[in-house]
Amino acid sequence: MDATPRLSAPVNAALIRLALAAAVAAMVAPALAQPYVAVGQCRSGVPNGGYELRTPDGRLRAVGAFTQGRMTGTFIFWTSRGARIAVLPFDNDVRSGTVALWYPAPDGRGEAGHKLEAPYTDDQLHGIKRSWYPDGAPRAEYRYEHGVLAEARAWASGGAPLADTDALQLAARDAETDEQQYAALVAIVRDNPPACDYGPNGGNAPELTGQAYAAIITGPAGAGCRAKAPALRH
């Protein structure tokens, strides 16, 4: 008789969730611990236009755009080794569109596969939210209606479906963990705005855009146009 203890599907799913949360922390923690150089345009003293966040050695960590100080359009995030890990769409500072997360490849230099897709309308989940295991197997599908969970289906890593109550509990845990990751990514941007104190009107020469603006901020005379960002706080 096999005396090896076997975990129930809910317990197994919980352990997997803990492992995934640890992986998220491992991805986000290095980002929170290093300094950045923020490059962007300003108008009337607030960010307005394209935005880039790089490490001091030039590695791209995030791109996006602002409109009158508010996050607008698509923000994309990468790890320090160049793997895309997140796409967060915004409209006037609120999530609007499909959020996407990826697992980084084992070598950290690319994406291993989708981790999450979640549709948002007016900063609320609305539609089918899907997640996958690192091997690409379906993990969960949740249907939301204007921020309210209406239906939940989930599977163990081996493919066995979870009971309805376990799927609902997993949906609640996922919602909390996902919000924490979104908040950590947004904090990287919010804590590293472009310096908006260049020029007579409190903006960094709004009449100069594109290559002309890039030449100013990257040249010796434009050093003051970069955000001198300290290491981010946890």
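Residue pairs whose Cβ atoms lie under 8 Å apart, sitting 6 or more positions apart in sequence or on different chains, and linking a residue in the range 173-185 that is under 13 Å from R139 (Cβ atoms) to a partner that is surrounded by fewer than 20 Cβ atoms within 10 Å (Cβ to Cβ) and of a type in the set (D, E, K, R), are R173/R17; D174/R17; T177/R17. Within the range 101-114, can you find the residues that are crowded, with 18+ Cβ neighbours inside 10 Å and without any contact (Cβ under 8 Å) to a residue 24 or more places away in the chain? If the condition is that a residue be crowded, with 18+ Cβ neighbours inside 10 Å and without any contact (Cβ under 8 Å) to a residue 24 or more places away in the chain, then W102 is the only one that fits. Of the residues that make up the range 117-134, is at least one modelled with pLDDT under 95 and over 19 Å from Q181 (Cβ atoms)? No: the range 117-134 contains no residue that is modelled with pLDDT under 95 and over 19 Å from Q181 (Cβ atoms).
Among the residues of the range 72-94, is any crowded, with 18+ Cβ neighbours inside 10 Å, basic (K, R) and in contact (Cβ under 8 Å) with a residue 24 or more places away in the chain? No.
Looking across the range 133-183, the residues that are surrounded by 17 or more Cβ atoms within 10 Å (Cβ to Cβ) and acidic (D, E) come down to D166, D174, D178. State yes or no: is D2 acidic (D, E), surrounded by fewer than 20 Cβ atoms within 10 Å (Cβ to Cβ), closer than 25 Å to G158 by Cα and at pLDDT below 95? In short, yes.
The values are calculated or read from the model by the stated rules, or taken from the named source; none is laboratory data. None of these values were measured; they are calculated from a predicted model. Note: ideal-geometry Cβ built from the backbone for every residue, glycine included; neighbour counts use all protein chains shown.
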